[in-house]
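Remarks on the structure that follows.
The values are calculated or read from the model by the stated rules, or taken from the named source; none is laboratory data. Just so we're clear, the structure is a prediction, and the values are computed from it rather than from any experiment. Don't worry about glycine lacking a Cβ; one is built from the backbone with ideal geometry, like all the others, and counts go over all protein chains shown.
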Amino acid sequence: MKIAAWNIERLKHKRKLDAVLTAANGVQADILVLTETDGRVRPDFGYCLETPPLFEIKPEYYGSTENRVSIFTNYKPVRQYPTFDKYTALCAELETGRGNLLVYGTIIGVFGNRNPNFSACLSAQIEDIRRLSEFGSVCVAGDYNLSFCDNYYYTKQGRADLLKCFSESKIELLTKSCPECIDHIAVSENFLRGAAVKIEEWNGDKALSDHKGIAAEIDFG
């Protein structure tokens, strides 16, 4: 199973739309979470679930095709769960060969971790993650606006609070050791069951967006 996440920077490089699509398809993920995304980006998957258009809440700022989170997958969605903010986080339960998995696609702090709303947004999402973990195995994928192994971009409190939540909810941050990385993938330990994980990155030169893409390939053996 391969799970991937990528912030495509509101498709600011729209002249490179074909290249963005090629990159998204090229990772060959089973679950792909795109953030700061756009309806014009439609990778080749069987299912697409997405947050509502941002044009609804701020038409003077967002284009008519923009939304914050889209989950693309070939696993069948069986239900969706409410989140603290329907425009910023999306949770879909997917049927996989390893059992059902609740995929929580998100941006933590839509204006970055220096904005005053970051702490409130993080706290609300931590409550979402704790609540959703009670329903089954969870995958938290998207733009965390935090790096975890270097000084690239983080807040000490943000790191500490999210890692505490993952520890208490028995969720493993698979991308914790990736340098200069603020897009992440975390999965419940009871879903992984000790599986081997290989990390893959793309867009390292930031030519298609200002974020690297990140993928975790889980080998259940």
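Close Cβ contacts (under 6 Å, 6 or more residues apart or on different chains) running from residues in the range 183-209 that are of a type in the set (Phe, Trp, Tyr) to residues that are buried (at least 18 other Cβ atoms within 10 Å of the Cβ) and assigned to a helix (DSSP H, G or I) comprise Trp202/Ala23. Condition check for Ser209 on (1) modelled with pLDDT under 95; (2) surrounded by 14 or more Cβ atoms within 10 Å (Cβ to Cβ): one failure, at (1). One residue stands out among those in the range 77-96 that are free of Cβ contacts under 8 Å to residues at least 24 places away in the same chain and outside any loop (DSSP other than H, G, I, E, B): the one that is farthest from Pro53 (Cα to Cα), which is Glu95. Would you call Tyr104 assigned to a loop (DSSP other than H, G, I, E, B), touching a strand residue (DSSP E or B) at 6+ places or on another chain (Cβ under 8 Å), among the hydroxyl-bearing types (Ser, Thr, Tyr) and free of Cβ contacts under 8 Å to residues at least 60 places away in the same chain? Spelling it out, it is not the case that Tyr104 is assigned to a loop (DSSP other than H, G, I, E, B), touching a strand residue (DSSP E or B) at 6+ places or on another chain (Cβ under 8 Å), among the hydroxyl-bearing types (Ser, Thr, Tyr) and free of Cβ contacts under 8 Å to residues at least 60 places away in the same chain.
Scan the range 98-140 for residues that are of a type in the set (Gly, Ala, Ser) and at pLDDT below 95 and the total you get is 1.
Residues in the range 100-112 that are out of contact with any Cys (no Cβ under 8 Å at 6 or more places or on another chain) and surrounded by 22 or more Cβ atoms within 10 Å (Cβ to Cβ): Thr106, Ile107. Filtered by the rule that a residue be touching a His at 6+ places or on another chain (Cβ under 9 Å) and within 21 Å of Leu90 (Cβ to Cβ), the range 14-56 gives Val20, Thr35, Glu36. Based on what the data block shows, is Lys156 under 21 Å from Ala5 (Cα atoms), surrounded by fewer than 21 Cβ atoms within 10 Å (Cβ to Cβ) and at pLDDT 95 or above? Answer is no for this residue. For the condition buried (at least 23 other Cβ atoms within 10 Å of the Cβ) and either among the charged types (D, E, K, R) or over 26 Å from Ser133 (Cα atoms) (or both), what is the one hit in Ala19, Ala24, Ala5, Ala29? Going through Ala19, Ala24, Ala5, Ala29 in turn, the sole match is Ala24.
Contact list please: Cβ distance under 7 Å, first residue in the range 108-127 and closer than 24 Å to Glu9 by Cβ, second residue in a helix (DSSP H, G or I) and of a type in the set (D, E, K, R), pairs at least six apart or on different chains. Going by the 7 Å Cβ cut-off, the qualifying pairs are Leu122/Asp161. Listed by position, the strands (runs of 3 or more DSSP E) contained in the range 121-208 that have at least 1 residues being small (Gly, Ala, Ser) and closer than 22 Å to Phe72 by Cβ are 138-143, 183-188. Comparison of Val138, Val187 shows that the only residue that is within 17 Å of Asp30 (Cα to Cα), touching an Asp or Glu at 6+ places or on another chain (Cβ under 9 Å) and of a type in the set (A, V, I, L, M, F, W, C) is Val187. Return the residues of the range 129-146 that are surrounded by fewer than 22 Cβ atoms within 10 Å (Cβ to Cβ) and farther than 19 Å from Leu192 by Cα; say none if nothing qualifies. Result: Arg131, single match. On the stretch given as the range 167-221, residues that are in contact with a helix residue (DSSP H, G or I) (Cβ under 8 Å, 6 or more places away or on another chain) and under 24 Å from Thr96 (Cβ atoms) total 10. Looking at the range 67-79, can you tell me whether even one residue there is of a type in the set (A, V, I, L, M, F, W, C) and more than 17 Å from the chain's Cα centre (by Cα)? Within the range 67-79 (the criterion being of a type in the set (A, V, I, L, M, F, W, C) and more than 17 Å from the chain's Cα centre (by Cα)), the answer is yes, since at least one residue qualifies.
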